[in-house]
Every structure is written in structure tokens, then in C-alpha cells.
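The values are calculated or read from the model by the stated rules, or taken from the named source; none is laboratory data. Just so we're clear, the structure is a prediction, and the values are computed from it rather than from any experiment. Methodologically, a virtual Cβ is constructed for each residue, glycine included, from the backbone with ideal geometry; neighbour enumeration extends over all protein chains shown.
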Amino acid sequence: MSERFGPPVPVTIIGLGAMGTALAGAYLAAGHPTTVWNRTPGRADDLVARGAVELHEVAGAVAASPLVIVCVLDYPAVREVLDPIGAVLSGRVLVNLTNGTPAQARETATWAANRGADYLDGGIMAVPPGIGTPAAFLLYSGSEQAFTAYRRELDLLGAASYLGTDPGLAALHDLALLTGMYGMFAGFVHAFALVGSEKIRATEFASLLAPWLHAMLSELPRWAERIDTGDHTTAVVSNLAMQATAFPNLIQVSRDQGVRPDLMVGMQALLDRALSAGHGDADLTVLVELLTAPQTTKGTPA
Ligand SMILES: NC(=O)c1ccc[n+]([C@@H]2O[C@H](COP(=O)([O-])OP(=O)(O)OC[C@H]3O[C@@H](n4cnc5c(N)ncnc54)[C@H](OP(=O)(O)O)[C@@H]3O)[C@@H](O)[C@H]2O)c1
């Protein structure tokens, strides 16, 4: 936690989409002088009514605060907004909460350093209404000095975690967490489509799906331990060969019920590859090693 005392630090928020507006709202609620800028004017009226200062020149908005938070659609937009202002960033902390890849984060960190800014990259693990509530957490990487100096302000948005000096680490963790989420959402989509093909109500099926997924989630620590130790020997109950034998039924029932199997075929291919590689007796956790096996050409496993 920061040891700094004194009046609330002025904060500038660049980008007033759903997320930027929520971020600005959290600083206003905590009494911080808050300057806002958005490409399209007219999105700041509510924030201004709550005490924000809206500026129409991005350079002026950046100059208004030592802590500048940018949250726009994507990294090209970040550069489109900040490239023209040049030296104004010098001596400030730039926190970029825009979603992007580790490579984009690293490149932006270098770009910011060349302009004299202390750069932190961040990933927001919350939806806008969750900002500033205990449900939100945010991941940061890059300048440790910036994180330490502004920890208190960053914690106002949601619990702040610092992952290391490599600016790409926050994006990597963010995208991995989103991968877990979208994998689950893909399962939701396919499962609801399957039962829907027999006109079974989604609300009725959800009452079965929820406890089933909770039970599967309890497997997570065991998975993590096996992956970390590299020990994929299975305790007899559910080896890969058994699961690879049952999995084609998921594909077949989809075709039989008129449901596109697209979301499941990638998993089938991976299971088949594991079987061919002689992992039939292993735990499903071995699939992680197959995904990360060296690639011969782009996208083609060795
Ligand atoms: N919403 C969420 O649940 C959520 C959760 C976690 C992370 N995020 C991330 O937070 C970021 C912002 O999301 P959001 O929900 O606020 O999106 P949004 O509501 O669609 O707003 C997009 C913002 O980006 C600005 N923008 C887009 N292109 C621009 C450009 N070329 N130059 C300048 N400004 C540009 C828009 O300005 P205009 O008003 O002028 O169009 C607007 O302020 C994204 O990277 C998103 O992935 C969002």
C-alpha cells in the first residue's frame, strides 16, 4: 500500500465508453479531481454533473494530472489518441487499461518510455457496474515504481494485483482468464443448443448445468498440481482413452439433433492427437502439453 498522504491525486481518464465512464465515476466517488476526455463529445455530461472536468483537447487532459488512465476500444486507438501529444506524457504515469495482447503491451511500454512516461499495463477483470466494488479485480504489469506510487488509487477501481515488470504479463493473464471464460461460454452455447433441439427450456436445464459445472470446477486445483508437476498419471477413474471414446458421441448427437458441432471439434482433434501420441492412460491434463508442443510451421504441431 502506498505511504503517500495528502489531498486526493488528480486523475485523468482518456476514453469514456462504458468502462472509461465507470472508471471516472469511481474516482469522482472517492473525491479525486477527475479530468475526462473522449473522442466524441457529449458522453461526459453525467460525469461533469458529478464534478468531472471535461476537456476537448487530449493534450490538456493529459497535462491536468500526474496519473493518466487510458481505456479505449483497442491499442491502435490508444496510439491514435496519444501519438500526436508527444512530450506532454513526460513525467507522468500512464496506465493503459485497454484490452490487448502482451506484444501490444510491450510495444506500448517502449513507446511510452521513449516519451518519458512511466508505463503500467492493466487488465480489468470486471464489467463496468462492478468497478469500485469488491467483485472487481485488476491485473497490472510494467513499472513497479508506478504501481507502488499509485497503488491506493488503483485499488479504488478494484483489488489491484501486480504481476511483474514485464509489461506483457497483465495482458497474458487477462487473455488467459478470458480464454477460460469463453471456453465455458462455448460450453454453455453448445449445451443449450443441444437441449433446445428437443424444446427443453433453458431455465430447466440450467438447474442441472450449474451444479455439474460447480462440481467440475472443484477439479481445478488437482489439474493445476498435475500441470505444475508434469505428472499426468491418472487415478484410474477417468483416463484419456475412455474420454476420447465417449467424446465422438458429443459430435454425433450434435449432428443428429441438427446442432453445428463446430465448438466441439477442436477438442475432439486434440483428444485424437493425444491418443495417437500414446497418452491413453494419462489424465486429461496432458492435453496442455500437447497444445504447447513445438510447432513446425505456424499453427501446425510438430
Ligand atoms: N465493458 C466491459 O465489460 C469491459 C471489461 C473489461 C475490459 N474492457 C475493455 O475496456 C476497453 C473499453 O471498453 P468499453 O466497454 O468502454 O468500450 P466501448 O463502450 O465500446 O467504448 C469504446 C471507447 O473507445 C473509444 N474509441 C474507439 N475507437 C477510438 C479511436 N480510434 N480513437 C479514440 N477513441 C476511440 C470510444 O470513443 P467514442 O465515444 O468517440 O466512440 C469509446 O470511448 C476495451 O479495450 C475493452 O475490451 C471492457
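Among the listed residues THR133, THR98, THR108, THR165, identify the single one that is in a helix (DSSP H, G or I) and either within 16 Å of the ligand (Cβ to nearest atom) or not aromatic (Phe, Trp, Tyr) (or both). Answer to the selection: THR108.
Close contacts from segment 176-202, counting a first residue that is closer than 12 Å to LEU263 by Cβ and a second that is of a type outside the set (Phe, Trp, Tyr) and outside any loop (DSSP other than H, G, I, E, B), with Cβ to Cβ under 7 Å and a gap of 6+ residues or different chains, come to ALA186/LEU263; VAL189/LEU263; HIS190/LEU263; HIS190/MET264; ALA191/LEU209; PHE192/ALA202; LEU194/VAL253; LEU194/SER254.
Exactly one residue out of ALA215, ALA210, ALA244, ALA224 is touching a Leu at 6+ places or on another chain (Cβ under 9 Å) and assigned to a helix (DSSP H, G or I): that is ALA244.
Within segment 1-48, how many residues are assigned to a loop (DSSP other than H, G, I, E, B), more than 8 Å from the ligand (Cβ to nearest atom) and among the small types (Gly, Ala, Ser)? Counting residues in segment 1-48 that are assigned to a loop (DSSP other than H, G, I, E, B), more than 8 Å from the ligand (Cβ to nearest atom) and among the small types (Gly, Ala, Ser) gives 6. When we screen ASP174, ASP118 for residues that are surrounded by 14 or more Cβ atoms within 10 Å (Cβ to Cβ), touching a strand residue (DSSP E or B) at 6+ places or on another chain (Cβ under 8 Å) and under 30 Å from PHE247 (Cα atoms), the only hit is ASP174.
Look at GLU198 and say whether it is at pLDDT 95 or above, outside any helix (DSSP H, G or I) and loosely packed, with under 12 Cβ neighbours inside 10 Å. Yes; evaluated as a whole, the condition is true for this residue. The set of residues in segment 53-71 that are within 14 Å of the ligand (Cβ to nearest atom), β-branched (Val, Ile, Thr) and either surrounded by fewer than 19 Cβ atoms within 10 Å (Cβ to Cβ) or closer than 13 Å to ASP121 by Cα (or both) comprises ILE69, VAL70. Looking at segment 76-89, can you tell me whether even one residue there is under 23 Å from THR133 (Cβ atoms) and in contact with a Ser or Thr (Cβ under 9 Å, 6 or more places away or on another chain)? Checking segment 76-89: not a single residue is under 23 Å from THR133 (Cβ atoms) and in contact with a Ser or Thr (Cβ under 9 Å, 6 or more places away or on another chain).
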